[in-house]
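In what follows, a structure is listed as structure tokens, so that the remarks can point back to it.
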Amino acid sequence: MLLKGVGDAGEHVRDPAGEGESPGFVMDNGQVDTFPDVDTIPLRKAQHLLLALVTRGKWPPDTAVSVDR
């Protein structure tokens, strides 16, 4: 997720080929969240995209991004 500042809804990378849901995480109150696979990407890809964002200041051109603002 990329935010422009406090209160920004941000944007996040998507996997247009994602199908179904993946397990999320357990919160302190015991709630278990899941996430649609279209809204998640593998860690290695996330690391690659983050490196590109930090070094170039923008997402690579072939990156699917959902703007939540």
Against the condition touching a Lys or Arg at 6+ places or on another chain (Cβ under 9 Å) and either in contact (Cβ under 8 Å) with a residue 40 or more places away in the chain or exposed (fewer than 13 other Cβ atoms within 10 Å of the Cβ) (or both), how does Glu11 come out, does it pass?
yes
Counting only residues that are more than 21 Å from Val67 (Cα to Cα) and of a type in the set (S, T, N, Q), which one in region 23-54 is farthest from the chain's Cα centre (by Cα)?
Asn29
Only one of Val54, Val38 that is in a helix (DSSP H, G or I) and in contact with a Lys or Arg (Cβ under 8 Å, 6 or more places away or on another chain):
Val38
Return yes or no: is Gly24 free of Cβ contacts under 8 Å to residues at least 24 places away in the same chain, in contact with a strand residue (DSSP E or B) (Cβ under 8 Å, 6 or more places away or on another chain) and not in a loop (DSSP other than H, G, I, E, B)?
yes
Residues within region 14-51 that are basic (Lys, Arg) and surrounded by 10 or more Cβ atoms within 10 Å (Cβ to Cβ), tallied
2
Enumeration of residues in region 59-69 that are surrounded by 10 or more Cβ atoms within 10 Å (Cβ to Cβ) and farther than 12 Å from Met1 by Cβ:
Trp59, Pro60, Thr63, Ala64
Just to be sure I understand the filter: pairs with C-beta atoms under 9 Å, separated by 6 or more residues or on different chains, first member in region 30-55 and closer than 19 Å to Gly10 by Cα and among the aromatic types (Phe, Trp, Tyr), second member at pLDDT below 90 and exposed (fewer than 12 other Cβ atoms within 10 Å of the Cβ). Which pairs pass?
Phe35/Ser22; Phe35/Pro23
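The values are calculated or read from the model by the stated rules, or taken from the named source; none is laboratory data. Model, not experiment: these values are computed from the prediction. As a convention, Cβ positions derive from the backbone with ideal geometry for all residues, glycine included, and neighbour counts pool all protein chains shown.
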